[in-house]
Amino acid sequence: MAGFFRNFACLLNRHRTLTLALFLGMTLVLSLFTLRSQVDNSLEVWQSADDVHWLQYQEFGRRYEITDPLIVYLPGTDLFVMEDVEEALSAEVNAGAIHAMVVEEGTEKEKGLFFVMPRTDMGPMELDGLLADVEEVLGRFDTSYSLGGVWYLTAMLDSLSAQATQTLFPVVLLILALGVWYFIRDLNNVLLVLACGFLPALQITGVMALVGVRLNMVLLALPPLTMILGIAHAIHLVAKVPDDEHQTSIDLFTLVAPPCLLSGITTTFGFLSLTLSSYLPVRQLGIWGMVASLLALLSAFILMAVFFKAGGRKPVSIAATMAVSLNRFRYGLLTIFLLCTLIACFGLARLSTGSLILDFFNDDDVVRQNYQAIEGAGLGLTPFEVDLASSRLSNVELQKIMANYGEKHPVITHIFYYFESGEVVTTTTATGLQLPRILTLEGMAARPERATFLMKTLASEPTLALAEDLEEYLQKNLGNQPQPYVTGSVPLYTRGQKALFSSLMNSFAFAFLSISVIMGLSLRSLRYGLLAIIPNFLPVFFIIAAMGWLVIPLSVATVTVASIVFGIVVDDSIHFLHRLRSEEVGLDLTRRLQNALDHVGPAIITTTLVAGTGFLGFLASPFIPLRNFGLLISGALALALICDLFLLPVLLLVGKKER
């Protein structure tokens, strides 16, 4: 293997100009496509094509041509302003329909409502344009307004996450540059490390944009993951100093390249296991995680082989008695890890899954204020759709059943009934804003085709529980039927989140097991492979438990932390075990461990401190999910460092044969 990498490095250096032209040309082309990269957390992203609920919702939407409305609430207006606003919206906004409603007529200041219905063929880009047009029209009138609705919330989430990521990425890169400079102190190698991280992150973003894959809150983890993997590969090289056996830059490259290759392949196979998931977002993370791992590895090999210059100092030093101290206190340290694991179990028991999407925004953010204004006035913004096509109950019976359910759940504010003729009957619960009621359900001759329950916004877990409870209630009172009664974008979102958690956790459990087996086979040691499971698993376990103690829910914004930790901890474990395996067999295990720590410890410490500090830059974000993401990544990297430098050697020492 060393001979192969020596020939590889010599070949690239002989054809340096051609190599760089091809590499930089590919990167430049892909960087142009990054300008087309978009964030999309729309409903389709979180659904599996064969899911029965998704299929029913698609058929339901086609049958009735329904879309979720943008709700415009004017808390203080009058009839003349309402007429002017309605006229302007109808003339200038490209919507499917616009419905106006005046509440509390006859008072000095009425409340106005507009339901702006998008066309059924509108995608995320068209919806963003529709939102901008509505706000432009409303801005011309001297009246305050609040906006709400399902796709409005999704659009604002996409916009803020994309904007915050683009703004903070240069900040993170600057922090990384300062960290690398502090440890390396060589301009050539500092630039090399940053290029090995930044360029493949740019490449994976460009590749995904090229093939039309939009980033979502799961795939947003891939660019920083790619950057960390590339930086880790490079630091493992630049942290090496010449010795008697390895004096030149190519000598050191041939020494570091084999464990980097093994690390890249193992990480790739770990992501490959995610493609076995039945849930689309997890499969996408697996597919593009493999591509990202390979790009980070390929970029590091090319750049390191061509540009690396051997330095004369290690970034940090490992204590000469570290292995001896670990051996002396191995049982005490193991006890500490066991106690920490026990404490972590209590944190894990406190962990909540799902989250209130409004908690992604600060208290003073316009989105949160809009929702508080509208729902505080008594109009729920979370819709549940009910398919009544197969119901044979009279309208009087249906009214009684629906009203009874609304009375038992104060979170429900309104129920709308829709008829084939286009007429709509509105009913208001005791907790809802009193809307004009022109028609009554009892007075209608025809049966309604469908109904919409409006309720106040809850966290995803209670929202899904309410949807399932309503489904059970309707199956019991309207008559059993094979297809669900309850559908709509919100129940689908919450089911998608639940499926994401279970599928991703199960897939990662399989991934950790599979990479440990691969590591064991590659290192020709089943014992090493089995021991690697524990330090690869515990950082993820500890950080998830810490989320429980810190009351940070496991949501779509935080669940991807596992993929970051997964990549970095595997990389460090492989470099450590690969070096330990190559140590002279006749040496005492303690001596071999000390040699391995001296060899790879500085790079492991430097990678963790540089990457961990860089991600602390996300704490400056006004977007709460990014703040949590940065905090959790930094904490998880620190835990991975502790497990690799302390727990893994202790596990090896506990099982050694005394001499």
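So how tilted is helix 526-549 from the main axis of the chain? Cα-based, degrees 0 to 90, rounded to 10.
40 degrees
What angle, in degrees between 0 and 90 and rounded to the nearest 10, separates the Cα long axis of helix 2-14 from the longest principal axis of the Cα atoms of the chain?
80 degrees
Counting heavy atoms of the protein chains only and a 1.4 Å probe, report the per residue accessible area for the stretch 145-296 as a whole number of Å². Let's see the in-between values first.
Details: 4870 Å² over 152 residues.
That works out to 32 Å² for each residue.
Give me log10 I(q)/I(0) at q = 0.13 Å⁻¹ for the stretch 281-350, Debye formula, one equal scatterer per alpha-carbon, no solvent.
For the requested q values the scattering log ratios are -0.91.
Alpha carbons only, please: Rg and Dmax for the stretch 92-211, in angstrom.
23.3, 76
Loop-only trypsin sites (Lys or Arg not before Pro) in the stretch 82-126, please: DSSP not H, G, I, E or B, and at most 13 other Cβ atoms within 10 Å.
Numbers: sites: Lys109, Lys111, Arg119; in loops: Lys109, Arg119.
Counting only loop positions with at most 13 other Cβ atoms within 10 Å, the trypsin sites (Lys or Arg not before Pro) in the stretch 82-126 are Lys109.
Counting only Cα atoms, I'd like the Rg/Rh figure for the stretch 580-648, Kirkwood definition for Rh. Before the final figure, lay out each step's value.
Numbers: Rg = 16.4 Å, Rh = 13.7 Å.
Radius of gyration over Kirkwood radius for the stretch 580-648 works out to 1.20.
Where does the stretch 164-316 land on Rg/Rh, using Cα atoms and the Kirkwood Rh? If you can, show how the numbers build up before the last one.
Values: Rg = 16.4 Å, Rh = 16.2 Å.
Taking Rh as the inverse mean 1/r over Cα pairs, Rg/Rh reads 1.01.
Quick one: work out Rg over Rh on the C-alpha atoms of the stretch 284-411, Rh as Kirkwood radius.
1.26
Pop out the carbon and sulfur fraction of the accessible area of the chain as a percent, whole number, probe 1.4 Å.
Numbers: 16830 of 27420 Å².
Here carbon and sulfur together make up 61 percent of the probe-accessible area.
Any idea what angle helix 124-138 forms with the longest principal axis of the chain, computed on alpha-carbon atoms, 0 to 90 degrees, nearest 10?
Here the helix axis deviates by roughly 50 degrees.
With a 1.4 Å probe and every protein chain left in place, tell me how much accessible area Arg495 has, in Å² to the nearest 10.
Counting only protein heavy atoms, Arg495 exposes about 50 Å² to solvent.
Please calculate the 1.4 Å probe accessible area of Arg16, with all protein chains present, and give it to the nearest 10 Å².
Around 80 Å² of this residue is reachable by solvent.
So how many Å³ per residue does the convex hull of the Cα atoms of the stretch 1-145 work out to?
On the way: hull volume 30.7 nm³, N = 145.
Roughly 212 Å³ of hull volume per residue.
Given the protein chains as shown and a 1.4 Å probe, how many square angstrom of Phe5 are accessible, to the nearest 10?
Looks like 0 Å² after rounding.
Sorted from largest down, give the three principal axis spans of the alpha carbons of the stretch 336-410, whole angstrom values.
Per principal axis, max minus min of the Cα coordinates gives 67, 34, 22 Å.
Per q in 0.26 Å⁻¹, report the Debye log10 I(q)/I(0) for the stretch 18-77, using one uniform scatterer on each alpha carbon and no solvent.
The calculated log intensity ratios at q = 0.26 Å⁻¹ are -1.08.
Per the Kirkwood definition applied to all pairs of different Cα atoms, how many angstroms is the hydrodynamic radius of the stretch 203-251?
Working: mean 1/r = 0.0749 Å⁻¹.
Every distinct Cα pair counted, the radius reaches 13.3 Å.
Mind checking the per residue accessible area of the stretch 345-441 for me, 1.4 Å probe, whole number of Å²? Walk me through the numbers before you get to the answer.
On the way: 4420 Å² over 97 residues.
Heavy-atom accessible area per residue stands at 46 Å².
Name the shape class, rounded, prolate or oblate, that the alpha-carbon gyration tensor gives for the stretch 500-625, where a ≥ b ≥ c are the square roots of its eigenvalues, rounded holds for a/c under 1.5, and otherwise prolate holds if a/b is larger than b/c and oblate otherwise.
Details: a/c = 2.97, a/b = 1.64, b/c = 1.82.
Because a/c hits 1.5 or more and a/b fails to exceed b/c, the stretch 500-625 counts as oblate.
Counting residues in the stretch 97-168 as N, plug N into 2.2 N^0.38 Å and put the Cα Rg over that result.
Values: Rg = 15.1 Å, N = 72, 2.2 N^0.38 = 11.2 Å.
That works out to 1.35 for the stretch 97-168.
Average projected area of the Cα convex hull of the chain, in nm²? Provide the component values of the computation, followed by the final result.
Details: hull surface 129.6 nm².
Dividing the Cα hull surface by four gives the mean projection, 32.4 nm².
Got a sec? What order do Arg14, Arg591, Arg579 fall in by accessible area at 1.4 Å, biggest, i.e. largest, first? Can you show the working numbers first?
On the way: Arg14 165, Arg591 105, Arg579 60 Å².
Of Arg14, Arg591, Arg579, the descending order of accessible area is Arg14, Arg591, Arg579.
Extent of the stretch 356-452 along each principal axis, from alpha carbon coordinates, in Å, largest to smallest?
48, 26, 23
After finding the eigenvalues of the alpha carbon gyration tensor for the stretch 617-658, what semi-axes result from the square roots of 5 times each, listed largest first in whole Å? All intermediate terms of the calculation are to be shown ahead of the outcome.
On the way: eigenvalues 262, 8, 3 Å².
Computed over the stretch 617-658, the values are 36, 6, 4 Å.
Take the Cβ-Cβ distance between Leu210 and Leu11 as r, set R0 to 30 Å, and report the resulting FRET efficiency rounded to the nearest 0.05.
Details: r = 28 Å, r/R0 = 0.94.
Taking R0 as 30 Å, the efficiency between Leu210 and Leu11 is 0.60.
The values are calculated or read from the model by the stated rules, or taken from the named source; none is laboratory data. Just so we're clear, the structure is a prediction, and the values are computed from it rather than from any experiment. We place every Cβ from the backbone using ideal geometry, glycine too, and count neighbours over all the protein chains shown. Remember, those area values only see protein heavy atoms, side chains included, never the ligands or the DNA or RNA. Shrake-Rupley method; radii C 1.70, N 1.55, O 1.52, S 1.80 Å.
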